[in-house]
């Protein structure tokens, strides 16, 4: 049964990007991030209540809270960059760069936490890095919407960097707290950060102008993220993490398929080869 939940996690994570892009055709990405975070936060606290970890709130020490807040700020920065990149660029280019955070996390864990890099981890990281490079080829294939060089790449790499910092800071902070509670606290920080950004950038009025159709897609992307989390942690509860995590990372295949159906984005032979390398690198980490 845990395999079913692991596949469900990958599926919902894969469609999140597609649903989000449908919701930011005309809606500002910062506003969209702030709205969807409300939905994600609700899911996060549902997970806390289901697992009964809310009882740990009173026992959190200052160091744990500090790192959870820092992790939340990194998560917020990652989400803001990610959805801005999706608004400017093609999903098939943005998502691979975002997924390269796996490589950055391995490197940061080695440099900052002293975690060793195994042979197959190193091979997997190299394959993912090479695959990402191939998938962000210059120019835009026929039928895509955003050619090379419109700023999306900087946001995409920013998303990957902040996602890596999220993992490192979260690993330090979550040592003293149940993972679901830690996630809920971080998401709360993201919510505050996102709405502060909306206010600081003077986009509060745009919230009222979001069309019903795009609002629906934004909320659906939040629901998809929540569903992915629920499936992911349910799979981890019964199945081995060494298998569940790589399966979840294969969500990029779901994203590629749905971006083809929804936006007619096509893979060139080069980017297709890059996707194959990313998948091979992800599977190598199973060994």
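The values are calculated or read from the model by the stated rules, or taken from the named source; none is laboratory data. All values derive from a computational prediction rather than experimental measurement. Cβ coordinates were reconstructed from backbone atoms using ideal geometry, including for glycine residues, and neighbour counts include every protein chain displayed.
A few comments on the model shown:
- Here the condition is being within 16 Å of the chain's Cα centre (by Cα) and free of Cβ contacts under 8 Å to residues at least 40 places away in the same chain; of 103, 15, 40, it holds for 103 alone.
- Helices (runs of 4 or more DSSP H) fully within the range 140-257 counting 1 or more residues that are in contact with a helix residue (DSSP H, G or I) (Cβ under 6 Å, 6 or more places away or on another chain), at pLDDT 85 or above and crowded, with 20+ Cβ neighbours inside 10 Å: 152-173, 179-200, 212-238
- Of the criteria (1) at pLDDT 85 or above; (2) over 19 Å from the mean Cα position of the chain (by Cα); (3) assigned to a helix (DSSP H, G or I); (4) more than 24 Å from residue 36 (Cβ to Cβ), which one residue 281 fails: (2)
- So residue 8, is it closer than 28 Å to residue 281 by Cβ and surrounded by fewer than 20 Cβ atoms within 10 Å (Cβ to Cβ): yes
- Residue 97 vs. criteria in a helix (DSSP H, G or I) and either closer than 17 Å to residue 14 by Cα or modelled with pLDDT under 90 (or both): yes
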